[in-house]
1. Tally time: how many residues in region 189-228 are under 27 Å from Ser43 (Cβ atoms) and hydrophobic (A, V, I, L, M, F, W, C)?
2. Is there a residue in region 61-79 that is in contact (Cβ under 8 Å) with a residue 60 or more places away in the chain and either among the small types (Gly, Ala, Ser) or at negative phi (or both)?
3. Before we move on, is Ala83 within 19 Å of Ala125 (Cβ to Cβ), crowded, with 21+ Cβ neighbours inside 10 Å and modelled with pLDDT under 95?
4. Of the residues that make up region 231-240, is at least one part of a loop (DSSP other than H, G, I, E, B), β-branched (Val, Ile, Thr), in contact with a helix residue (DSSP H, G or I) (Cβ under 8 Å, 6 or more places away or on another chain) and away from the ligand (no atom under 16 Å from the Cβ)?
5. What residue, of Gly221, Gly203, Gly195, is at positive phi and under 18 Å from the mean Cα position of the chain (by Cα)?
6. Please state which of the following conditions Val166 fails to meet, knowing it meets all the rest: (1) under 26 Å from Asp256 (Cα atoms); (2) within 19 Å of the chain's Cα centre (by Cα); (3) at pLDDT 95 or above.
7. Name every residue in region 6-55 that is aromatic (Phe, Trp, Tyr) and touching a residue at least 60 places away in the same chain (Cβ under 8 Å), in order of residue number.
8. With respect to Ile247, determine if the residue is under 17 Å from Met270 (Cα atoms), touching a residue at least 12 places away in the same chain (Cβ under 8 Å) and under 25 Å from the mean Cα position of the chain (by Cα).
Amino acid sequence: MKLSQILGKDKITLSFEVFPPKTEANYEAVKKAALDVAALNPSYMSVTYGAGGSTRANTVQIASAIQQQYGITAISHLTCVGATKEDIDHTLDSMKEAGIENVLALRGDRPKDFEGEPFTDFHYASELVEHIKARGDFCVGGACYPEGHVDAHNKKEDITYLKKKVDAGCDYLTTQMFFDNNIYYNFLYRVREKGITVPIIPGIMPITRASQVKTACTLAGTNMPERFRNLVDCFGDNPKAMQQAGIAYATDQIIDLIANGIHNIHVYSMNKPEVAAGIQKNLSEIIHD
Ligand code: FAD
């Protein structure tokens, strides 16, 4: 099913994100963890893609297994950095063959060894969105950044380019993680003001290990509120306590979003079925069939 048929209804959706195996050696273990998340029967799932296409085939395989074994709609992520139109068409063909109807179209980040090299066929995700849409087969999503993308000179410019990407054919957007919902509400106001009307799905990252904080804040430029910092300071050295606190914090964010009228919630559960299940359980009286 196309995501556009799932979103935008009165029903609240809760979706989970997983990653594909990176090597043959860990293939079965990573696949099992992804499918254990699918067994929780979320509204839909998304499967990430290694920039540069390192896990290209695995993304499609995992998305296809989720759909076939659990009947859950899966989104395949796809990055265009370093790819030719031929590479992209090859991947899109394999998605179509596997019955995948949803793509999250991304630019991706250039691996360190390619920095400074000329671009191939795509400079920005908007070009990929346009290319995919021209085929007519897929429901296409894009990424957005409530705190501004790290490359953007400022948030205003980032939203101007985001509008261009949506106009190229995005059916919906999913946000980068944020730990303060006011950042999302403010972003929503600013993008609606600029005429972006597609669903903007908040992406919630449950931080269940202290080491994840560094990645979130350094690579993605995510702001860490004092309340969240205290939690990591207090529980960061105790893995079980940190997991429980991270699930509780993410649950709290989700309940606040739903209470403010946001119906579609995406959780960066990654391949942690226990984390996805913890959040789902906390919301059992709020989100059900
Ligand atoms: P773009 O939309 O192209 O934007 C990138 C930058 O270019 C922004 O600063 C933007 O303002 C600027 N820009 C856009 N258009 C123009 C223009 N015409 N002229 C000048 N500047 C412009 N990465 C992966 O490798 N695999 C994944 O599976 C993956 N999944 C993700 C899922 C989500 C929901 C999010 C939020 C991110 C994900 N990423 C993933 C990370 C993403 O690839 C990086 O954040 C990347 O740096 C930007 O990708 P984009 O698609 O947002 O790029």
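1. Summing the residues that are under 27 Å from Ser43 (Cβ atoms) and hydrophobic (A, V, I, L, M, F, W, C) in region 189-228 gives 11.
2. Yes, region 61-79 contains a residue that is in contact (Cβ under 8 Å) with a residue 60 or more places away in the chain and either among the small types (Gly, Ala, Ser) or at negative phi (or both).
3. So Ala83 passes the test.
4. Within region 231-240, not a single residue is part of a loop (DSSP other than H, G, I, E, B), β-branched (Val, Ile, Thr), in contact with a helix residue (DSSP H, G or I) (Cβ under 8 Å, 6 or more places away or on another chain) and away from the ligand (no atom under 16 Å from the Cβ).
5. Gly221
6. Going through (1) under 26 Å from Asp256 (Cα atoms); (2) within 19 Å of the chain's Cα centre (by Cα); (3) at pLDDT 95 or above one by one, Val166 breaks only (1).
7. Taking region 6-55 first, the residues aromatic (Phe, Trp, Tyr) are 16, 19, 27, 44, 49.
Hits for region 6-55 are Phe16, Phe19.
8. Yes; evaluated as a whole, the condition is true for this residue.
The values are calculated or read from the model by the stated rules, or taken from the named source; none is laboratory data. No experiment lies behind these values; they were computed from the predicted model shown. Here Cβ is always computed from backbone atoms with ideal geometry, including for glycine, and neighbour counts include all displayed protein chains.
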